[in-house]
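Novice: Would you mind keeping the following structure in view while I ask a few things?
The values are calculated or read from the model by the stated rules, or taken from the named source; none is laboratory data. Since the structure is predicted, the reported quantities are computational estimates derived from the model, not experimental observations. In this analysis, Cβ positions are derived from the backbone assuming ideal geometry, glycine residues included, and neighbour counts consider all displayed protein chains. The area values use the complete protein model at the heavy-atom level, side chains included, leaving out ligands, DNA and RNA. Shrake-Rupley method; radii C 1.70, N 1.55, O 1.52, S 1.80 Å.
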Amino acid sequence: MSMSDPLGDMLTRIRNAQSARQSRCKAPASKLRENVLEALKREGYIRAWRTEEVRPGVRFIDIELKYSEGEPAIKEITRVSKPGRRVYSKIAELPRIYNGLGTSILSTPRGVMSENEARAANVGGEVLCRVF
């Protein structure tokens, strides 16, 4: 069965695994998901991720979640731009998440990057998700 929002599915898997206090979770692999996970890793929200090939042509991402003193590093993760409503933002109009404590993940012409990297590069784009 096909899925209408693969990135939203991965974010929900992460949210559910952290609420269940699991150390790892798995999601089907894609380039967009890998790029989003790399941005989350650079910002310090997850420990690591790696891809595994289950059988030829079928890959999964194994995500190692991060906890600090028993509390999840990700307190809130929400999908902003959805298949039914795409959300684009100029970098000057991008709001700060919890006064800079959180971050947004953007898909820009220079690739998927966090809000801080996009501000440094002075590029806007599609707001994929918000993390706090």
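Novice: How many of the residues in region 18-41 are under 19 Å from Pro72 (Cβ atoms) and polar (S, T, N, Q)? Reasoning before the result, please.
Specialist: First, the residues of region 18-41 that are under 19 Å from Pro72 (Cβ atoms): 18-27, 36-37, 39-41.
Cutting the leftovers down to polar (S, T, N, Q) gives us 18-19, 22-23.
Residues that pass the stated criteria total 4.
Novice: On to the next question. So which of Ala118, Ala92 is in a helix (DSSP H, G or I) and open to solvent by less than 30 Å² (accessible area, probe 1.4 Å)? It would help to see each step written out before you state the result.
Specialist: Working: Ala92 fails: open to solvent by less than 30 Å² (accessible area, probe 1.4 Å).
Going through Ala118, Ala92 in turn, just one is in a helix (DSSP H, G or I) and open to solvent by less than 30 Å² (accessible area, probe 1.4 Å): Ala118.
Novice: For region 17-33, indicate whether the set of residues that are part of a helix (DSSP H, G or I), closer than 22 Å to Val127 by Cα and under 11 Å from the mean Cα position of the chain (by Cα) is non-empty. Spell out the reasoning first.
Specialist: First, pick out the residues of region 17-33 that are part of a helix (DSSP H, G or I): 17-19, 31-33.
Remaining after also requiring closer than 22 Å to Val127 by Cα: 31-33.
Then keep just the ones that are under 11 Å from the mean Cα position of the chain (by Cα); that gives 32-33.
Yes.
Novice: Can you tell me which residue within region 95-109, out of those that are hydrophobic (A, V, I, L, M, F, W, C) and touching a residue at least 24 places away in the same chain (Cβ under 8 Å), is surrounded by the most Cβ atoms within 10 Å (Cβ to Cβ)?
Specialist: So in region 95-109, the residues hydrophobic (A, V, I, L, M, F, W, C) come out as 97, 101, 105-106.
Retained after the next criterion (residues that are touching a residue at least 24 places away in the same chain (Cβ under 8 Å)): 97, 101, 105.
Numbers: Ile97: 16, Leu101: 9, Ile105: 27.
The selected residue is Ile105.
Novice: Yes or no: region 83-102 includes at least one residue that is within 15 Å of Val131 (Cα to Cα), modelled with pLDDT of 95 or more and under 12 Å from the mean Cα position of the chain (by Cα).
Specialist: no
Novice: Further question on the same structure: Would you mention how many residues in region 67-91 are touching a residue at least 12 places away in the same chain (Cβ under 8 Å) and either under 20 Å from Val123 (Cα atoms) or of a type in the set (D, E, K, R) (or both)?
Specialist: Of the residues in region 67-91, 12 are touching a residue at least 12 places away in the same chain (Cβ under 8 Å) and either under 20 Å from Val123 (Cα atoms) or of a type in the set (D, E, K, R) (or both).
Novice: Can you tell me how many residues in region 1-18 are open to solvent by less than 90 Å² (accessible area, probe 1.4 Å) and in contact (Cβ under 8 Å) with a residue 12 or more places away in the chain?
Specialist: Number satisfying all stated conditions: 11.
Novice: Out of the residues in region 51-66 meeting the condition of being under 18 Å from Ala17 (Cβ atoms) and surrounded by 14 or more Cβ atoms within 10 Å (Cβ to Cβ), tell me which one is farthest from the chain's Cα centre (by Cα). Working first, answer last.
Specialist: Step one: of region 51-66, the residues under 18 Å from Ala17 (Cβ atoms) are 51-52, 60-66.
In the following step, the residues that additionally are surrounded by 14 or more Cβ atoms within 10 Å (Cβ to Cβ) were identified as 60-63, 65-66.
Values: Phe60: 16, Ile61: 13, Asp62: 14, Ile63: 11, Leu65: 12, Lys66: 14 Å.
Within region 51-66, the match that is farthest from the chain's Cα centre (by Cα) is Phe60.
Novice: Pick from Ala39, Ala48: which is in a strand (DSSP E or B), out of contact with any Phe, Trp or Tyr (no Cβ under 7 Å at 6 or more places or on another chain) and open to solvent by less than 80 Å² (accessible area, probe 1.4 Å)?
Specialist: Residue meeting the stated conditions: Ala48.
Novice: Step by step: first the residues of region 69-82, then only those that are at pLDDT 95 or above and open to solvent by less than 70 Å² (accessible area, probe 1.4 Å), then the one that is farthest from the chain's Cα centre (by Cα). Which residue is that?
Specialist: Filtering first and then ranking leaves Pro72.
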